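Quick notes on the structure that follows.
The values are calculated or read from the model by the stated rules, or taken from the named source; none is laboratory data. Since this is a predicted model, take the numbers as computed values, not measurements. Positions of Cβ are generated from backbone atoms using ideal geometry, with glycine treated the same way; all protein chains shown enter the neighbour counts.
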Amino acid sequence: MMSKPGTTPHLRINPLACHAHGVCIEALPEMIGSDPWGYPVLWENPVPGHLLAHARRAVASCPTLALQLVDSDTNPRQ
Amino acid sequence: MNRRDAYEESLTVPATVPVQVAVGGLLAGVDGRPDLTGHLLRHGELPDQSAAQLLDVVERSGLAGRGGAGFPTGRKMRAVIAAAAGGGRSVRQAGPVVVANGCEGEPASSKDKTLLVLAPHLVLDGITLAARAVGAAQTYLCLHEDDHEAIRAVQYALGERRAAGIDSARVQVTLVPHRYVASEESALVRLLNGGPALPAFTPPRPFERGVGGRATLVNNVETLAHLALIARHGPDWFRSQGAPDAPGTTLVTVTGAVAAPGVYEIPLGITGRDLLDLAGGPTGPVQAVLAGGYFGAWLPAARAMAARITPAGLTQAGAALGAGIFIAFPAGSCGLAETARVARYLAGQSAGQCGPCINGLPSLAAGLEALALRGDRRAPEHLAKIAPYVTGRGACRLPDGATRLIGSALTVFAPDVRAHLAHGPCPGAGHAPLLPIPTTATSGKAR
Amino acid sequence: MILASDVVTSTTPLWYATRATGVIALVLLTGSVVLGILVQVRFATDRWPRLVAIGVHRNLSLLVLAFLTLHILTAELDTFAPVGWFAVLVPFLSAYRSLWLGLGTVAFDLLLAITVTSLLRTRVGHRWWRLVHWASYACWPLAVVHGLGTGSDTTQPVILGITAVCVASVVVAGVWRLNSGWPEQAGVRVAAGAFGALVLIAGVAWTMAGPLRPGWAARAGTPVSPVVQSSATAGATALSTTGSASALGSLPLNTAITGTSTSSTSARDQVAVTIDGSSVSGTLAASTGSSQ
């Protein structure tokens with residue numbers, strides 16, 4: 001999960017794997033909010049430097065591994 | 001003069017392209033025999049250009065996908081070739097795959113089925129040529145499992161070609177459950193890989209990793225049919241019709257309040273008014289046009305008439321070309337009630353994989369129904385609150401399209417919204433439904 | 001002359017440590033299983049947000065491994081019970097109560113697999129991680145049965161009580177798990193519940209007929225050698241003899257005896273060894289020793 005130099009780390013949610021456990025919303029409230037049905041909404045992207053460790057913890061703690069940290073913005077709409 | 005009229009007056013109407021069905025187009029001469037002999041008489045033999053020549057011809061022609069996304073076909077082919085070359089050894093050895101998409105998910109569209117029944121050999125030619133261009137040895141043609149006419153026509157055509165020893169590529173006909181989302185690119189790939197016909201999470205997109213992990217070119221059958229003609233007549237011929245920014249002809253399905261609804265082949269760039277006139281003209285006053293099907297948007301009549309029928313022109317007008325669907329909506333019908341029915345249908349067509357869609361679409365449908373059928377005062381606020389959470393958060397574009405459609409209905413039929421809120425549902429809300437919704441549609445979720 | 005050995009179980013600290021770390025590991029494992037279920041059923045309060053439940057579940061599991069390491073090490077180092085190093089990973093190899101200890105080995109193997117896949121979760125992928133994690137539903141009952149079958153103090157009320165509380169906690173959590181999400185996949189839930197109930201009943205029945213009945217140590221496969229071994233080590237206590245003590249000398253005894261020796265289990269789970277024979281240097285009368 002180490003970012004390559006020169007890229008900006010982005011968070012991405014796999015909507016197929018996400019079952020609204022809501023752990024990521026607790027782990028990274030600065031960037032992830034909740035929609036009316038408990039599913040996570042990425043309000044901010046990319047991940048700023050001071051939140052990177054928290055982002056990694058959030059990714060590791062997702063029960064279904066739906067939250068991903070990627071090197072660049074491959075999914076602009078999220 | 002109210003604000004809406006003033007806005008419409010301010011639109012400039014660009015120069016129109018003369019309306020004519022192109023000579024040697026897809027549907028030219030199809031009143032003749034659709035069989036192999038008739039096809040060869042009309043169009044001649046399958047050209048034997050090399051892959052490099054084909055790629056060059058496609059790129060210079062400016063052909064773009066006719067399945068709804070409108071992606072430049074030449075660029076897509078190049079991307080598939082690059083992905084196939086860059087893969088692991090087994091992937092490189094196996095080569096890319098070509099998938100022809102003949103599944104028409106939009107209920108209001110009939111163009112692909114019409115093409116397959118009237119000119120199957122053009123489609124099959126296109127598949128062969130596309131396979132040659134990208135170096136694919138394996139090709140598939142996907143059809144809805146209940147599209148019996150098209151299936152019969154294709155099987156017959158394949159039999160003729162086998163007997164004549166024409167095709168180098170084996171085309172495997174694959175039947176797909178009839179669902180709105182089943183014909184999405186990644187859903188077809190998933191089905192061909194042995195899974196359910198439901199959208200997958202992308203990236204990787206099919207062109208990078210698709211059927212069997214190989215680079216996969218997915219093209220609409222109409223796109224491939226155009227390819228068959230471009231290979232024969234050249235890119236300049238293709239560009240001689242249509243508009244500079246949208247060359248060639250395209251098939252459209254025109255229905256609703258027109259005298260002669262049906263599938264038409266038109267040069268891109270004509271206006272909406274030209275299009276409706278081609279379909280026999282409106283049968284009465286038209287209040288709005290649904291452009292792009294249920295994945296498109298409503299347009300006020302005046303704006304629709306003035307719009308250029310090109311991807312850019314319709315996007316600029318606020319809708320989309322999509323799969324070339326135009327429904328003339330008569331005055332006296334209730335756009336809100338009709339859209340509410342469509343919203344409920346789309347909610348039922350959810351693949352059931354992503355929370356925002358599973359929850360959001362029924363919620364939007366319920367809100368629109370409350371507005372259209374009961375004049376519920378809370379409905380507009382509810383819709384405004386929910387909509388931003390529905391769009392852009394699923395694996396496929398179904399929720400995005402539904403949200404856009406509903407949003408456009410609220411904008412275009414704004415006077416109706418006010419009237420419903422003030423006085424309750426209008427008489428039009430009780431009219432017989434106009435927009436087609438398949439009654440035998442398979443539910444969106446996997447069986 | 002009566003040769004008696006009042007040898008009891010090893011009183012080395014290692015043996016106590018093995019039993020203690022085993023009990024603690026079971027309690028921690030129970031806590032981990034219950035928390036894991038709470039995570040799955042999405043339990044959350046202000047004091048126990050999801051993140052905390054997940055974190056404590058993970059930490060408890062790692063603690064279980066720590067205590068298990070001590071449990072296994074002390075068991076190996078303590079020569080009272082011959083376990084053997086291979087038996088740490090390969091089940092049913094130990095000479096000491098091979099079946100019941102072997103179940104512990106199986107549980108340990110499963111726990112290792114679960115831990116490794118969990119530590120490498122992002123690399124292993126969700127599907128495989130989840131598949132291996134299901135094994136925790138087998139790991140825990142195996143640990144309980146291992147404790148009851150191998151533990152030498154199952155009849156002690158404290159130990160029995162702790163085990164009962166652990167079982168009750170997991171049963172309650174298990175019912176919660178089956179109920180959460182009902183009635184989706186009702187068939188699977190009913191089948192799992194029936195199976196779990198069967199296992200519970202069988203387990204209780206076995207406990208009452210086995211470990212809680214006298215004579216379990218022998219039936220469980222406690223080899224005789226601990227008795228002989230401990231009599232040769234400093235663990236032996238008073239050796240009472242009758243007859244001409246002078247002919248016997250003092251412990252440790254190192255003499256050749258010809259005759260017969262028989263062992264039998266008495267009421268209070270004591271093994272009686274009767275040696276009836278004569279030594280080269282004299283005659284020994286039948287005598288009785290006991291050990292537990």
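Hey, among B:Gly352, B:Gly280, which residue is farther than 20 Å from B:Ala429 by Cα, in a loop (DSSP other than H, G, I, E, B) and either touching a helix residue (DSSP H, G or I) at 6+ places or on another chain (Cβ under 8 Å) or of a type in the set (Asp, Glu) (or both)? Reasoning before the result, please.
On the way: B:Gly280 fails: either touching a helix residue (DSSP H, G or I) at 6+ places or on another chain (Cβ under 8 Å) or of a type in the set (Asp, Glu) (or both).
Step by step, each of B:Gly352, B:Gly280 is checked, and only B:Gly352 is farther than 20 Å from B:Ala429 by Cα, in a loop (DSSP other than H, G, I, E, B) and either touching a helix residue (DSSP H, G or I) at 6+ places or on another chain (Cβ under 8 Å) or of a type in the set (Asp, Glu) (or both).
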Check on B:Leu275, of a type outside the set (D, E, K, R) and touching a residue at least 24 places away in the same chain (Cβ under 8 Å): yes
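Every residue in the range B:140-157 that is assigned to a helix (DSSP H, G or I) and aromatic (Phe, Trp, Tyr), please. Steps first, please.
Let us first name the residues in the range B:140-157 that are assigned to a helix (DSSP H, G or I), namely B:148-157.
B:Tyr156, the sole residue that qualifies.
Among the residues of the range A:35-67, write down those that are touching a strand residue (DSSP E or B) at 6+ places or on another chain (Cβ under 7 Å) and more than 10 Å from chain B (Cβ to nearest Cβ). Write out each step before concluding.
Taking the range A:35-67 first, the residues touching a strand residue (DSSP E or B) at 6+ places or on another chain (Cβ under 7 Å) are A:35, A:40-43, A:45-47, A:55-56, A:58-59, A:66-67.
Answer for the range A:35-67, where residues must be touching a strand residue (DSSP E or B) at 6+ places or on another chain (Cβ under 7 Å) and more than 10 Å from chain B (Cβ to nearest Cβ): A:Trp43, A:Asn45, A:Pro46, A:Val47, A:Ala55, A:Arg56, A:Ala58, A:Val59, A:Leu67.
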Residue check, B:Thr339 against (1) farther than 30 Å from A:Arg12 by Cβ; (2) surrounded by fewer than 20 Cβ atoms within 10 Å (Cβ to Cβ), all met but one. Which one? (2)
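For every residue, the table says whether it meets (1) closer than 19 Å to B:Ala131 by Cα; (2) under 24 Å from the mean Cα position of the chain (by Cα); (3) within 14 Å of another protein chain (Cβ to nearest Cβ); (4) modelled with pLDDT of 95 or more.
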position	(1), (2), (3), (4)
B:Arg161	yes, no, no, no
B:Ile166	yes, no, no, no
B:Ala169	yes, no, no, no
B:Tyr180	no, yes, no, no
B:Ala187	no, yes, yes, yes
B:Pro203	no, yes, yes, no
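If you check B:Ala319 against the conditions, is it touching a helix residue (DSSP H, G or I) at 6+ places or on another chain (Cβ under 9 Å), part of a loop (DSSP other than H, G, I, E, B), more than 14 Å from every other protein chain (Cβ to nearest Cβ) and within 23 Å of B:Gly284 (Cβ to Cβ)? Let's see the steps before the verdict.
Working: touching a helix residue (DSSP H, G or I) at 6+ places or on another chain (Cβ under 9 Å): yes; part of a loop (DSSP other than H, G, I, E, B): yes; more than 14 Å from every other protein chain (Cβ to nearest Cβ): yes; within 23 Å of B:Gly284 (Cβ to Cβ): yes.
Judged against the criteria, B:Ala319 is a match.
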Output the residue which, of all residues in the range C:88-104 that are in contact with a helix residue (DSSP H, G or I) (Cβ under 6 Å, 6 or more places away or on another chain) and in a helix (DSSP H, G or I), is surrounded by the fewest Cβ atoms within 10 Å (Cβ to Cβ). C:Val88
Quick one: in the range C:50-75, which of the residues that are more than 17 Å from C:Leu119 (Cα to Cα) and out of contact with any helix residue (DSSP H, G or I) (no Cβ under 7 Å at 6 or more places or on another chain) is farthest from the other protein chains (Cβ to nearest Cβ)? C:Leu73
Given the condition under 30 Å from A:Gln68 (Cβ atoms), buried (at least 24 other Cβ atoms within 10 Å of the Cβ) and of a type in the set (Ser, Thr, Tyr), answer yes or no: does some residue in the range B:207-228 qualify? yes
Please verify whether the range B:385-406 includes one or more residues that are surrounded by fewer than 24 Cβ atoms within 10 Å (Cβ to Cβ), aliphatic (A, V, I, L, M), away from chain A (no Cβ under 14 Å) and touching a Cys at 6+ places or on another chain (Cβ under 8 Å). no
Could you tell me how many of the residues in the range A:21-32 are free of Cβ contacts under 8 Å to residues at least 24 places away in the same chain and surrounded by 18 or more Cβ atoms within 10 Å (Cβ to Cβ)? 3
For B:Val123, indicate whether it is in contact (Cβ under 8 Å) with a residue 24 or more places away in the chain, of a type in the set (A, V, I, L, M) and over 23 Å from B:Gly324 (Cα atoms). no
Residues to consider are C:Val106, C:Val145, C:Val116, C:Val124; find the one that is under 30 Å from A:Gln68 (Cα atoms) and either within 13 Å of the chain's Cα centre (by Cα) or within 14 Å of chain A (Cβ to nearest Cβ) (or both). C:Val124
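Residue-wise test of (1) crowded, with 16+ Cβ neighbours inside 10 Å; (2) in contact (Cβ under 8 Å) with a residue 12 or more places away in the chain; (3) within 23 Å of C:Gly149 (Cβ to Cβ).
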{"residue": "C:Ser180", "(1), (2), (3)": "no, yes, no"}
{"residue": "C:Arg189", "(1), (2), (3)": "yes, no, no"}
{"residue": "C:Leu198", "(1), (2), (3)": "no, no, yes"}
{"residue": "C:Ala202", "(1), (2), (3)": "no, no, yes"}
{"residue": "C:Pro211", "(1), (2), (3)": "yes, yes, yes"}
{"residue": "C:Arg219", "(1), (2), (3)": "no, no, yes"}
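Looking at the range B:109-125, which of its residues are under 15 Å from B:Ser183 (Cα atoms) and among the small types (Gly, Ala, Ser)?
Filtering the range B:109-125 down to residues under 15 Å from B:Ser183 (Cα atoms) leaves B:109-113.
Selection gives B:Ser109, B:Ser110.
Between B:Arg190, B:Arg232, which is in the same structural domain as B:Glu59 (by TED's automatic domain parsing), over 21 Å from B:Val91 (Cα atoms) and surrounded by fewer than 22 Cβ atoms within 10 Å (Cβ to Cβ)?
Details: B:Arg190 fails: over 21 Å from B:Val91 (Cα atoms).
From the options B:Arg190, B:Arg232, the qualifying one is B:Arg232.
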Per the filter on the range B:289-310, residues part of a strand (DSSP E or B), within 20 Å of the chain's Cα centre (by Cα) and not charged (D, E, K, R) are B:Val289, B:Leu290, B:Ala291, B:Ala297, B:Trp298, B:Leu299
Among the residues of the range B:95-120, which ones are touching a residue at least 60 places away in the same chain (Cβ under 8 Å), in a helix (DSSP H, G or I) and under 17 Å from the mean Cα position of the chain (by Cα)? B:Lys111, B:Asp112, B:Thr114, B:Leu115, B:Leu116
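So which of C:Thr21, C:Thr45, C:Thr30 is polar (S, T, N, Q), within 14 Å of another protein chain (Cβ to nearest Cβ) and closer than 25 Å to C:Val165 by Cβ? Walk me through how you get there before you give the answer.
Values: C:Thr21 fails: within 14 Å of another protein chain (Cβ to nearest Cβ); C:Thr30 fails: within 14 Å of another protein chain (Cβ to nearest Cβ).
When all the criteria are applied, what remains is C:Thr45.
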With the first residue restricted to the range B:344-373 and required to be free of Cβ contacts under 8 Å to residues at least 40 places away in the same chain and on the phi < 0 side of the Ramachandran plot, and the second required to be surrounded by fewer than 24 Cβ atoms within 10 Å (Cβ to Cβ) and of a type in the set (Asp, Glu), Cβ contacts under 6 Å at 6 or more apart or on different chains are B:Ala370/B:Asp376
What do you reckon, is B:Val173 β-branched (Val, Ile, Thr) and without any contact (Cβ under 8 Å) to a residue 40 or more places away in the chain? yes
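Residues are listed down the side, and each one gets a yes or a no for (1) closer than 20 Å to B:Thr37 by Cα; (2) buried (at least 22 other Cβ atoms within 10 Å of the Cβ); (3) free of Cβ contacts under 8 Å to residues at least 12 places away in the same chain:
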residue: B:Ala64; (1), (2), (3): no, yes, no
residue: B:Phe71; (1), (2), (3): no, no, yes
residue: B:Met77; (1), (2), (3): no, yes, no
residue: B:Ala150; (1), (2), (3): yes, yes, no
residue: B:Val154; (1), (2), (3): yes, yes, no
residue: B:Ala157; (1), (2), (3): yes, yes, no
Apart from one, (1) assigned to a helix (DSSP H, G or I); (2) touching a Leu at 6+ places or on another chain (Cβ under 9 Å) all hold for B:Ala395; the odd one out is (1)
